[in-house]
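Below is one structure, written out as structure tokens; comments come after it.
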Amino acid sequence: MAVVLGIETSCDETGVGIVSDGRLLGAALASSMEEHARFGGVVPEIAARAHLESLVPCVRAAFLRAGIAPSEIDAVAVTSGPGLATALQTGLAAAKAYALAWDRPLYGVHHLAGHVAADTLENGPLPSRSVALIVSGGHTSLLLLGDLARDPVVHLGDTRDDAAGEAFDKVARLLGLAYPGGPAVAEAARDGDPGAIVFPRAMLGTGYDFSFSGLKSAVARHVERAGGTLAVPDVAASFQEAVADVLTRKAVEACLANGVDTLVIVGGVAANRRLRDLAAERCRTAGLTLRIPPPGLCTDNGAMIAAVGDLLVTSGAPPSSRHLTADPSAPLSRAHLDPAGAL
């Protein structure tokens, strides 16, 4: 039974987790979000510097919470893509150093596969076939999954422009709300009427790709026309409803069309309460099993990377090369990046 240390530094969270046999033993997380808020988005250089300051303390905290020593680690897993180049390089350099110092195998992990694996820490092993809806700040995809450690990932659909989380950030800025936009829009929407404004639902009935750029533009036009009479809660609630409607409709349709009875929703936007509620309602109606990790495992964290590492080690996958490099735009075709064997 392997014990795996996972390191995640793809964006502005420094995450470290320790997983064994599908169980989270200990984790630590540091965020530089407040340092980016005044810029309205993540600044790569600030994120990388924050990772440098937080990584070692987070590793120490994860070991302390797990109640184990570094000598008990069997493998090191690290996000090697996609993400911000300088942020990825910081985590990758640390992971290589730990793997070399402890003489342990290194596994490069795809960030989005980590989001899927996060669900297994709460809900157990995935079924032999499932559909995953990944919704985050940079990605919105519908995937057909088999064995996450062994099988290729099949893309059923992806966003053609803005990701769902990106749209939340941009709409929050239009409404004068705080960064990050997801929590801010959700909070404003609590006092609004989701049926007050009928915003467009793009690409329904045209396959499983997504588009949120037109929705964002529709919100911008509404804000401009409303002027001083703008009802922010109603706009926020109506926008949120449009996003949740499109995401859940397409996800349920993808499950039914592919003969899959399990839908997994992961990523930062999966923490949105309206999305979770609407997905649960539609999955019940369609007779599907819905799996969503708790909000703390939806956003970026080290536990999800350790979870992928745990699956890879258990499956007998070869480790990545010691010359593993960061790939900021790595496509998601497999969970394991650069399975070339240690050199």
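Every read-out reported here was derived from the displayed coordinates using simple, explicitly stated rules and does not represent laboratory data. As the structure is a computational prediction, the values presented were derived from the model and not from experiment. Cβ sites come from the backbone with ideal geometry, for glycine too, and all protein chains shown count toward neighbours.
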Query raised in the report: Which of G228, A244, G296 sits farthest toward the positive end of the charge dipole of region 224-298, with +1 on the Cβ of Lys and Arg and -1 on the Cβ of Asp and Glu?
Result: G296
Requested in this report: For helix 44-66, report the angle its Cα long axis makes with the longest principal axis of the Cα atoms of the chain; keep it between 0 and 90° and round to the nearest 10°.
Outcome: 60
Requested in this report: Take the Cβ-Cβ distance between R190 and A231 as r, set R0 to 22 Å, and report the resulting FRET efficiency rounded to the nearest 0.05.
Outcome: 0.95
Query raised in the report: With no solvent and one point per C-alpha, what does the Debye sum give as log10 I(q)/I(0) for region 197-283 at q = 0.10, 0.13, 0.21, 0.23 Å⁻¹?
Result: -0.29, -0.48, -1.04, -1.17
**Report entry** Extension gain, S315 back to R129 (0.36 nm per residue minus Cα-Cα distance, nm)
**Finding:** 65.3 nm
Query - For q = 0.16, 0.18, 0.30 Å⁻¹, Debye-computed log10 I/I(0) when each Cα of region 6-66 counts as one equal scatterer - result: -0.51, -0.60, -1.15
**Report entry** Whether region 86-163 is rounded, prolate or oblate, judged on the alpha carbon gyration tensor where a/c under 1.5 counts as rounded
**Finding:** oblate
Query - Total formal charge among the other residues, if their Cβ is under 14 angstrom from that of A69, Lys/Arg +1 and Asp/Glu -1 - result: +1
Query raised in the report: Based only on Cα atoms, what Rg/Rh ratio does region 1-130 have, Rh being taken as Kirkwood's radius?
Result: 0.98
Report task. May I ask you to list the lysines whose Cα is less than 28 Å away from that of K250, ignoring any residue fewer than eight positions away on the same chain? Result -> K170, K216
Query raised in the report: About the Cα centre of region 114-181, what is the dipole size in debye to 20, counting +1 per Lys and Arg Cβ and -1 per Asp and Glu Cβ, all else neutral?
Result: 80
Report task. Treating the angle as unsigned and between 0 and 90°, give the value, to the nearest 10°, between the Cα long axis of helix 302-315 and the longest Cα principal axis of the chain. Result -> 60
Requested in this report: Based on a Kirkwood Rh over C-alpha pairs, give the Stokes-Einstein translational diffusion coefficient of the chain at 25 °C and viscosity 0.890 mPa s in µm²/s.
Outcome: 121
Report task. Grab the Cα-Cα distance for R249 and S217, subtract it from 0.36 nm times how many residues apart they are, and report the gain in nm with one decimal. Result -> 9.4 nm
Report summary line: Output for region 62-162: trypsin sites (Lys or Arg not before Pro) sitting in coil per DSSP, at most 13 other Cβ within 10 Å, listed by number, reads R160
Query raised in the report: How far apart, in nm, are the 7 Å Cα→Cβ label points at A93 and S71?
Result: 3.0
Query raised in the report: Once every DSSP H run of n ≥ 4 in the chain is given -39500 (n - 2.57) and the sum is divided by its residues, what mean residue ellipticity at 222 nm do you get, rounded to the nearest 500 deg cm²/dmol?
Result: -14000 deg cm²/dmol
Report summary line: Cα gyration tensor of region 118-244 diagonalised, 5x eigenvalues square-rooted, in angstrom largest first, produces semi-axes 32, 16, 12
Requested in this report: Place +1 on the Cβ of every Lys and Arg and -1 on the Cβ of every Asp and Glu in region 118-210, take the dipole about the Cα centre, and give the residue among Y179, Y208, V135 whose Cα lies farthest towards its positive end.
Outcome: Y208
Query - Whole-Hz couplings from phi, Karplus 6.51/-1.76/1.60, listed for region 192-208; x for Gly and Pro - result: x, 9, x, x, 5, 10, 8, 7, x, 10, 6, 6, 5, x, 10, x, 10
Query raised in the report: Against the longest principal axis of the chain, how steep is helix 232-257, in degrees 0 to 90 to the nearest 10, with axes from Cα atoms?
Result: 60
Report summary line: Comparing A95, A167, A66 in a Gaussian network model of the chain (Cα, 10 Å), the one with the largest mean-square fluctuation is A66
Query raised in the report: Rg and Dmax of region 186-228 over Cα atoms: what are they, in angstrom?
Result: 12.6, 39
Requested in this report: Kindly provide the pair-distance distribution of region 277-343 built from C-alpha pairs, with 10 Å bins from 0 and whole-percent values in order of increasing distance.
Outcome: 16, 34, 29, 17, 5, 0
Report task. Take every Cα-Cα distance within region 216-343, group them into 10 Å bins from 0 onward, and report for each bin the whole-number percent of pairs it holds. Result -> 10, 27, 28, 22, 10, 3, 0
